[in-house]
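Enquirer: Below: one structure in structure tokens.
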Amino acid sequence: MAAIVGLVVLAGAVGWYESESHPFGRPGPPVLVDVHRGEPFEAIASALAKSQVIGTSFAFHVWSLVHGTPTVRPGTYQLHRNLSFSALSALLGAGPNVAELTVVPGMTISEIAAELSSMPGTLAHAFSDAGRAGRVRSPFQPASGGSLEGLIGSGTYEILPGESGHALLASMVARFVARARSVGLTPSTTFAGLDAYQLVTLASIVQKEGYFTRYMGDVARVVYNRLADGMNLDMTSTVLYSLGKDGGKVTPADELVTTPYNTYLHAGLTPTPICTPSVQALGAALHPPAGPWLYFDLVTDREGIMKFASTYTQQLALVQEAAANAQRHASSGSAGAHPPGSAT
């Protein structure tokens, strides 16, 4: 009798193990599982069970003792619920299959495409093609269409296996619309004689020129004051954009380059945004503080101090202060890269 009971128990255990390692039915919905550096296999198995990729971590641990424990690299995995242990082991052993793309405020579409080009597959080309072909549109775009420059949301995007460039670009555009709405900017918004697209363009210039969040409102006020006075913006960032550069100095020769983005030669805003603006830059464009300023300069890189002036004489004093600080920092070996941050 005891032998029969033992056989029944053994048969039940084997049946349970087989049903766990080879579950009935097709794989279920996709789930994302994060594996952290240095995380023990037991913790990974528990996370898989919690996500219902497997039934129990104990059965998977037993299976791994027999068939070999997969080497699991840190990262994010898109898996499916109700996977067989053999299929799960193969997926884990192949490494993370979810990539992350972080769009930092100030990036351009071409820089984003360059980031995508480092990922396997043709996502970068598909991303660029979707934008050029106009298959993805933003409600902020003018009726004439054009580039989506400046109209995509910053932040981190998880790129799932098989994701299309069209879907990725559409999610970026949707995120921008939501972020803009959070500060009161919609496609029908107008402010100070500018339509919504022009406000985004102004915000992109503020993003590059303000550099530090705390100064973006004041930089926006400088831009508005210059537009109201009929002055050229004289913004180095717009020239750098036309040259395909991100930061650095603008030479006198650069200031003469014939391009609609050269605000030393042409009055008004640039034809399009020049980068992805942050929520703070969008807010600054829509809610600038009052002030008489027409000029500004980053007077010290190391401390990140920007000062503002309402007359050209005051601006010359700021330029001299910036030069003196740069010389002092250079002599002490602490000079840093100079961001745009100046209006002459």
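The values are calculated or read from the model by the stated rules, or taken from the named source; none is laboratory data. Small disclaimer: the values here were computed from a predicted structure and weren't measured. A quick note on method: Cβ atoms are made from the backbone with ideal geometry, for glycine too, and the neighbour counts reach across all protein chains shown.
Here is a yes/no grid of residues against (1) among the β-branched types (V, I, T); (2) not in a helix (DSSP H, G or I):
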| residue | (1), (2) |
| --- | --- |
| F176 | no, no |
| R181 | no, no |
| T186 | yes, yes |
| Y197 | no, no |
| I205 | yes, no |
| E209 | no, no |
| M216 | no, no |
| V219 | yes, no |
| L227 | no, no |
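Enquirer: Go through the stretch 120-168 and count every residue that is hydrophobic (A, V, I, L, M, F, W, C), farther than 25 Å from T201 by Cβ and in a loop (DSSP other than H, G, I, E, B).
Expert: Qualifying residue count for the region: 1.
Enquirer: Quick one: would you say Y264 is under 30 Å from A113 (Cα atoms), surrounded by 15 or more Cβ atoms within 10 Å (Cβ to Cβ) and over 24 Å from the mean Cα position of the chain (by Cα)?
Expert: For Y264, the condition - under 30 Å from A113 (Cα atoms), surrounded by 15 or more Cβ atoms within 10 Å (Cβ to Cβ) and over 24 Å from the mean Cα position of the chain (by Cα) - is met.
Enquirer: Then there is this: Step by step: first the residues of the stretch 80-116, then only those that are touching a His at 6+ places or on another chain (Cβ under 9 Å) and small (G, A, S), then the one that is nearest to S204 (Cα to Cα). Which residue is that?
Expert: That would be A113.
Enquirer: Related question: What pairs come up if the first residue lies in the stretch 50-76 and is without any contact (Cβ under 8 Å) to a residue 24 or more places away in the chain and farther than 14 Å from E39 by Cβ, the second is surrounded by 16 or more Cβ atoms within 10 Å (Cβ to Cβ) and not aromatic (F, W, Y), and their beta carbons are under 8 Å apart, counting only those six or more places apart or on different chains?
Expert: Short answer, once both residue conditions are applied: H61/A45; H67/S89; G68/S89.
Enquirer: If you go through the stretch 108-121 one residue at a time, do you hit one that is farther than 30 Å from S237 by Cα and either out of contact with any helix residue (DSSP H, G or I) (no Cβ under 7 Å at 6 or more places or on another chain) or not assigned by TED's automatic domain parsing to the domain that holds E209 (or both)?
Expert: Among the residues of the stretch 108-121, at least one is farther than 30 Å from S237 by Cα and either out of contact with any helix residue (DSSP H, G or I) (no Cβ under 7 Å at 6 or more places or on another chain) or not assigned by TED's automatic domain parsing to the domain that holds E209 (or both), which makes the answer yes.
Enquirer: Pick from T189, T238, T270, T259: which is closer than 24 Å to K307 by Cβ and not assigned by TED's automatic domain parsing to the domain that holds S154?
Expert: From the options T189, T238, T270, T259, the qualifying one is T238.
Let's see how each residue does on (1) crowded, with 17+ Cβ neighbours inside 10 Å; (2) basic (K, R); (3) more than 16 Å from M107 (Cβ to Cβ):
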position: L168; (1), (2), (3): yes, no, no
position: M172; (1), (2), (3): yes, no, no
position: R179; (1), (2), (3): yes, yes, no
position: P187; (1), (2), (3): no, no, yes
position: T190; (1), (2), (3): no, no, yes
position: D195; (1), (2), (3): no, no, yes
position: L199; (1), (2), (3): yes, no, yes
position: A203; (1), (2), (3): yes, no, no
position: V206; (1), (2), (3): yes, no, no
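Enquirer: Does any residue of the stretch 233-241 turn out to be free of Cβ contacts under 8 Å to residues at least 40 places away in the same chain, assigned to a loop (DSSP other than H, G, I, E, B) and surrounded by 17 or more Cβ atoms within 10 Å (Cβ to Cβ)?
Expert: Looking for residues that are free of Cβ contacts under 8 Å to residues at least 40 places away in the same chain, assigned to a loop (DSSP other than H, G, I, E, B) and surrounded by 17 or more Cβ atoms within 10 Å (Cβ to Cβ), one finds none in the stretch 233-241, hence no.
Enquirer: Return yes or no: is E255 at pLDDT below 90, surrounded by fewer than 20 Cβ atoms within 10 Å (Cβ to Cβ) and either within 19 Å of the chain's Cα centre (by Cα) or part of a helix (DSSP H, G or I) (or both)?
Expert: Yes.
Enquirer: Something else about it: Does the stretch 279-297 include one or more residues that are in contact with a helix residue (DSSP H, G or I) (Cβ under 8 Å, 6 or more places away or on another chain), in a loop (DSSP other than H, G, I, E, B) and at pLDDT below 95?
Expert: No, that holds for no residue.
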